[in-house]
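For reference, the structure discussed in these notes is given below.
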Amino acid sequence: MKVEVNPKDTSRGEAFELWMSSPMPMVTLTKTLNVSKVLKVSRKTGAKFNALLCWCIGKAASNMNEFYLLPEKDKLFKYDSIAINVIVNNSKGGINSCDIAYTDDIQQFAKDYNQLTTQVAAQCESSFIEDSMIIGTSAMIETELDCIVNQYTDKFCNPMVMWGKYRRNWIKTTLPISFQFHHVQMDGGHAARFLDILQKEINAI
């Protein structure tokens, strides 16, 4: 569910006053994560690497209050659920968006991920969840990337997690992650904590 709230009644009231009128309120942090465990579980279970990583992102975000608040058109909204958006290559050579509801059940999430992305790819139609806080993702796995800075548009203030191809060596598998967020939603310290929690969730998968 999505409801409008008074920013002054939340922990983001001051940030709302400071950053809501900023022409460029988006911030990007980058961090290289150890994703060896995700790759291991993917190979063991047959679940897609990106599906497991998206679940870890949802799991980390679900433990932080900041992810349930989001600015939109000079207003602040509170959500009671989170979903992950993925970009899908469709059967016509284009791309579509696909929202997947986050659940603590990793097997159910992986099942939903496969079903929904397959459907979107075949039908060439995007699938959206309107009343969940959406965390965008974009995986460009064709090449190794050090950092990604996304475009900023006032049509999309949602947090965005982006990555390229993971890097393997004989010790571990690593993946540089770019995390973009709206400064009204959270501060840099919150974003850094999210990346630390994400690494812990990856290690515990």
Only listed residue being surrounded by 13 or more Cβ atoms within 10 Å (Cβ to Cβ), out of contact with any helix residue (DSSP H, G or I) (no Cβ under 7 Å at 6 or more places or on another chain) and in contact (Cβ under 8 Å) with a residue 24 or more places away in the chain, chosen from A110, A121, A139: A121
So the strands (runs of 3 or more DSSP E) completely within region 64-105 holding 1 or more residues that are at pLDDT below 95 and among the polar types (S, T, N, Q) are 82-89
Residues satisfying the stated conditions in region 83-95, i.e. open to solvent by less than 50 Å² (accessible area, probe 1.4 Å), of a type in the set (S, T, N, Q) and closer than 27 Å to I202 by Cα: N85
Go through (1) touching a Leu at 6+ places or on another chain (Cβ under 9 Å); (2) open to solvent by 80 Å² or more (accessible area, probe 1.4 Å); (3) at pLDDT 95 or above and name the single condition R168 misses. (3)
Which residues, taken from region 56-71, are open to solvent by 10 Å² or more (accessible area, probe 1.4 Å) and in contact with a strand residue (DSSP E or B) (Cβ under 8 Å, 6 or more places away or on another chain)? S62, Y68, L69
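Looking only at residues in region 178-196 that are aliphatic (A, V, I, L, M) and open to solvent by less than 30 Å² (accessible area, probe 1.4 Å), which one is farthest from P25 (Cα to Cα)?
It comes out as L195.
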Where residues in region 9-44 are in a helix (DSSP H, G or I) and aliphatic (A, V, I, L, M), which of them is surrounded by the most Cβ atoms within 10 Å (Cβ to Cβ)? V38
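The values are calculated or read from the model by the stated rules, or taken from the named source; none is laboratory data. All values derive from a computational prediction rather than experimental measurement. A quick note on method: Cβ atoms are made from the backbone with ideal geometry, for glycine too, and the neighbour counts reach across all protein chains shown. Heads up: the accessible areas ignore ligands, DNA and RNA and are worked out on the full protein's heavy atoms, side chains in. Shrake-Rupley method; radii C 1.70, N 1.55, O 1.52, S 1.80 Å.
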